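Enquirer: Got a structure for you, questions after.
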Amino acid sequence: MRSSPRPALPAAPAEVVPPTCSSAAQRRELLAQAHALGVPKDYARTHTLRAVREASDLAFIGYDIHNRPQWLQPRAARAWFALRHAAAIEQVELQVVSAFRSIEYQLGIVRRKREQGQAIEDILRVSAAPGYSEHHSGRALDLTTPGFAALEEEFEKSPAFRWLQRRAHAHGFTLSFPRGNRHAIAYEPWHWCWRASRD
Ligand SMILES: [Zn+2]
């Protein structure tokens, strides 16, 4: 049996700079900064989360709904294009809100929220601590669809979400944070992570 051709990954335009990943020393420094912002030392245990390595190789996947360039690790990028294509055939439009995020980027999110006066416990209910986000791996995607606000629970009422529930698994994507998940992270119907490959 002939295997189906792999979808080609688009090349990034010359002016788009790929994000850089941190060295081991930078990683330690960034995690120290996260603790200084209030991330508890026992965060991994209390949230049953493992440290996530940053992707070592990233492929450009196009632009998100805010026109920012986005990246995934190459196999996850191929799986994403196959998923988006399969959805489009059934008149479902999947759009990217966020894909790869470095530890440094995640630290910036937490720092901004702290500066706005949010308590660290409230921040960590909706954002993973730097070093623990699935987005570091280049396998996770935050998705939306036209007519629905990005990163809002109402996404679960969209035809896109219902389609993902039926079909994402066949493409290796699973919902990481369902309602009442064991990680004490808020329900995220938009967050899908590629974990498996069928090839
Ligand atoms: Zn996410």
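Nothing in this text is a laboratory measurement; each read-out follows from the coordinates by a stated rule. Small disclaimer: the values here were computed from a predicted structure and weren't measured. Every residue, glycine among them, receives a Cβ derived from its backbone with ideal geometry; neighbour counts consider all protein chains shown.
Enquirer: How do W80, W71, W163 rank when sorted from fewest to most other Cβ atoms within 10 Å of their own Cβ? The partial results should precede the final answer.
Expert: Working: W80 28, W71 23, W163 18.
Going from least to most buried by this count: W163, W71, W80.
Enquirer: Give the longest segment of the chain that steers clear of trypsin sites (Lys or Arg not before Pro) in DSSP loops with at most 14 neighbouring Cβ atoms within 10 Å, not counting the sites themselves.
Expert: Numbers: sites that count: R2, K41, R50, R53, R179, R182, R198.
Excluding the exposed sites themselves, the longest stretch runs over 54-178.
Enquirer: Would you look at the GNM of the chain, springs on alpha carbons closer than 10 Å, and say which of P13, P178, P159 moves the most?
Expert: P13
Enquirer: Give, in nm to one decimal, the length gained when the segment between A119 and S23 is fully stretched (0.36 nm per residue of separation minus the Cα-Cα distance). List each step's numbers first, then the result.
Expert: On the way: separation 96, 0.36 × 96 = 34.56 nm, distance 2.92 nm.
31.6 nm is the gain from fully extending A119 to S23.
Enquirer: Same structure, new question: Quickly work out the H85-to-A32 label distance, labels modelled 7 Å from Cα along the C-beta direction, and quote it in nm with one decimal.
Expert: 4.7
Enquirer: Let me ask something else about it. What is the order of S98, S23, fewest Cβ neighbours within 10 Å to most?
Expert: On the way: S98 21, S23 9.
In increasing order of surrounding Cβ atoms, one gets S23, S98.
Enquirer: Seen from all sides and averaged, what is the projected area of the convex hull of the Cα atoms in region 109-199, in nm²? Working shown, then result.
Expert: Values: hull surface 27.5 nm².
Convex hull of Cα atoms, orientation-averaged projection: 6.9 nm².
Enquirer: Grab the other residues whose beta carbon is less than 12 angstrom from that of G108, score K and R as +1, D and E as -1, and report the net. Write out the running numbers ahead of the final one.
Expert: Working: positive: R101, R111, R112, K113, R114; negative: E104, E115.
That sum, taken over residues with Cβ under 12 Å, equals +3.
Enquirer: Hey, another quick one. Taking region 23-151, how much of its Cα-Cα pair set, in percent, is spaced more than 27 angstrom apart? Don't jump to the answer; show the numbers that get you there.
Expert: On the way: 2086 of 8256 pairs.
I get 25 percent for the Cα pairs in region 23-151 exceeding 27 Å.
Enquirer: A further question on this structure: For the chain, what is the relative contact order in percent, using Cα pairs closer than 8 Å and at least 6 residues apart in sequence?
Expert: Details: 323 pairs, mean separation 44.1, N = 199.
RCO, the chain: 22 percent.
Enquirer: OK, next. To make sure I understand, if each residue's beta carbon is the centre and we count other beta carbons within 10 Å, what order do H171, H47 fall in, fewest to most?
Expert: Values: H171 22, H47 19.
With the fewest neighbours first, H171, H47 line up as H47, H171.
Enquirer: A follow-up question, please. Test of the criteria: in region 91-199, which GluC sites (Glu not before Pro) are in a DSSP loop and have at most 16 other Cβ atoms within 10 angstrom of their Cβ?
Expert: Loop-located and lightly packed - E93, E152.
Enquirer: With just the Cα atoms defining each centre, how far is region 69-145 from region 17-40? Give it in Å.
Expert: Cα centroid to Cα centroid, the span is 17 Å.
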